[in-house]
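Chemist: Below is one structure. I have some questions about it.
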Amino acid sequence: MSELLNNQAKERIYGARKVAVLTGAGISAESGIPTFRDTDGLWTKFSPMELSSFEAFYNNTAIVAEWYKKRRHIIEETMPNPGHYALAEIEKKFQYFDIITQNIDGLHSKAGSNNIIEIHGNIMKNYCIDCKKKYSAKEFDTIYETSVSHIPRCNCGGLIRPDVVWFGELLPKQTIEKAFQKAEKADIFFSIGTSAMVRPASDLPITAIQNGAFLIEINMKQTHLSDYTHLQLNGPSGKILPQLLKEIEKILHD
Ligand code: BV8
Ligand code: ZN
């Protein structure tokens with residue numbers, strides 16, 4: 001495989017102290033988790049608004065609860081892929097390295113990454129919409145299986161929902177503020193496996209370049225972001241990231 005990085009990228013990596021990464025569903029595709037918009041994506045069967053919104057949950061609780069339970073069971077069986085593991089290694093090469101992920105699958109921490117900002121939440125966590133009591137995935141499943149018509153309710157009577165950010169919901173204030181701070185200060189910003197269509201996540205790479213970052217995109221194809229990037233690496237992240245790790249090691253050890 002020819003070298004991924006051009007001289008400009010090598011220089012920027014050599015001098016970088018702060019690196020931030022935005023990941024999307026594409027980085028988990030090679031772990032077997034369907035993305036959202038690809039042809040075999042989750043949303044080909046349902047539209048996002050039908051399932052990933054509070055209204056959908058409130059009006060079709062059993063359907064939405066089942067959809068998340070099904071997705072979670074797929075996720076519980078999946079392992080990180082070489083792309084996740086390579087990122088966990090690349091983290092060690094820089095003084096400051098943060099992963100801002102749109103994914104709710106927890107695969108970055110399973111792969112050993114430390115500084116992870118889950119801006120859309122985590123599918124393993126659940127809480128009561130009334131009293132905010134937290135419920136583990138296991139507790140949720142038990143309540144779901146034993147509840148009347150699979151409407152998962154807290155002992156206070158409130159509905160139990162997944163701790164994820166739905167369309168039309170605000171992202172947790174501290175979490176998104178921290179993500180924008182990382183983007184503002186980044187010397188290098190990677191956008192990996194995201195169609196860059198969902199806001200405010202998709203504003204992060206733009207914020208990074210507006211503050212002088214070198215923007216590298218890793219994706220199978222062009223996205224909304226591609227015209228703004230300094231370097232486009234096209235291909236599966238599970239293949240590109242291990243190669244990128246080798247090239248970064250070479251730059252920083254030479
Ligand atoms: C907000 C958690 C303020 C849940 C997710 C109209 C009405 C209501 C809202 C809006 C509106 N217009 C705009 C908005 C704002 C809205 C938005 O951006 N909508 C878009 C669709 C236009 N955003 C929000 O609502 C956010 N909140 O703004 O609050 C507000 C309030 C009210 C009204 C307006 C604003 C909340 C957004 C969070 C939604 N929750 N997830 C769950 O997962 O179930 S979003 C969900 O979809 C994911 O988390 C992810 O963020 C997004 C999917 O995007 P990607 O990760 O990029 O995945 P995708 O499949 O699209 O792309 C995969 C990419 O990978 C592709 O490019 C592919 O080429 C590439 N790829 C595939 N394989 C590989 C690969 N690359 C490399 N290697 C591979 N192997
Ligand atoms: Zn409750």
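The values are calculated or read from the model by the stated rules, or taken from the named source; none is laboratory data. A quick note: this is a predicted structure, and the numbers were derived from the prediction, not measured. All Cβ positions, glycine included, derive from the backbone under ideal geometry; neighbour counts span all protein chains shown. Remember, those area values only see protein heavy atoms, side chains included, never the ligands or the DNA or RNA. Shrake-Rupley method; radii C 1.70, N 1.55, O 1.52, S 1.80 Å.
Chemist: Mean projection of the alpha-carbon convex hull of the stretch 169-224 over all orientations, in nm²?
Modeler: Result: 3.9 nm².
Chemist: Give me the net charge for the shell around Trp166: Cβ to Cβ below 15 angstrom, other residues only, Lys and Arg +1, Asp and Glu -1.
Modeler: It works out to a net charge of -1.
Chemist: Of the chain, which part is the longest with no trypsin sites (Lys or Arg not before Pro) in a loop (DSSP not H, G, I, E, B) and with at most 12 other C-beta atoms within 10 angstrom?
Modeler: My reading of the result: 133-220 is the longest stretch.
Chemist: Report the label-to-label distance for Ile129 and Ser47 in nanometres (one decimal), using points 7 Å from each Cα along the Cα→Cβ vector.
Modeler: For Ile129 paired with Ser47, the spin-label model returns 2.0 nm.
Chemist: Of Lys182/Lys250; Lys70/Lys92; Lys138/Lys182; Lys132/Lys178, which ones are farther than 30 Å apart at the Cα?
Modeler: Where the Cα-Cα span goes over 30 Å, the pairs concerned are Lys70/Lys92; Lys138/Lys182.
Chemist: Grab the DSSP H runs of the chain that are 4 residues or longer, score each as -39,500 (n - 2.57), total them, divide by all residues and round the 222 nm result to the nearest 500 deg cm²/dmol.
Modeler: Estimated from H runs of four or more residues: -11500 deg cm²/dmol.
Chemist: Percent of accessible area on the chain owned by carbon and sulfur, 1.4 Å probe?
Modeler: Reported share for carbon and sulfur atoms: 53 percent.
Chemist: For the stretch 124-230, give the magnitude of the charge dipole about the Cα centre (Cβ charges: +1 Lys/Arg, -1 Asp/Glu; no others), in debye to the nearest 20.
Modeler: 340 debye
Chemist: Starting from the Cα gyration tensor of the chain, multiply each eigenvalue by 5, take the square root, and state the resulting semi-axes largest first in whole Å.
Modeler: The equivalent ellipsoid of the chain has semi-axes of 35, 17, 16 Å.
Chemist: Residues of the chain: accessible area per residue at 1.4 Å, in Å²?
Modeler: 48 Å²
Chemist: Can I ask one more? Most fluctuating residue of Ala111, Ala201, Ala56 in a GNM of the chain with Cα springs under 10 Å: which is it?
Modeler: Residue with maximal mean-square fluctuation among Ala111, Ala201, Ala56: Ala56.
Chemist: Would you mind telling me the antiparallel percentage of the DSSP bridges in the chain, rounded to 5?
Modeler: Approximately 25 percent, going by the DSSP bridge assignments.
Chemist: State to the nearest 20 debye the size of the charge dipole of the chain about its Cα centre, where the only charges are +1 on K and R beta carbons and -1 on D and E beta carbons.
Modeler: Rounded to the nearest 20 debye, it is 400 debye.
Chemist: While we're here: For the ranges 203-212, 224-233, what's the packing order if you count other beta-carbon atoms within 10 Å of each residue, average per peptide, and put the highest first?
Modeler: 203-212, 224-233
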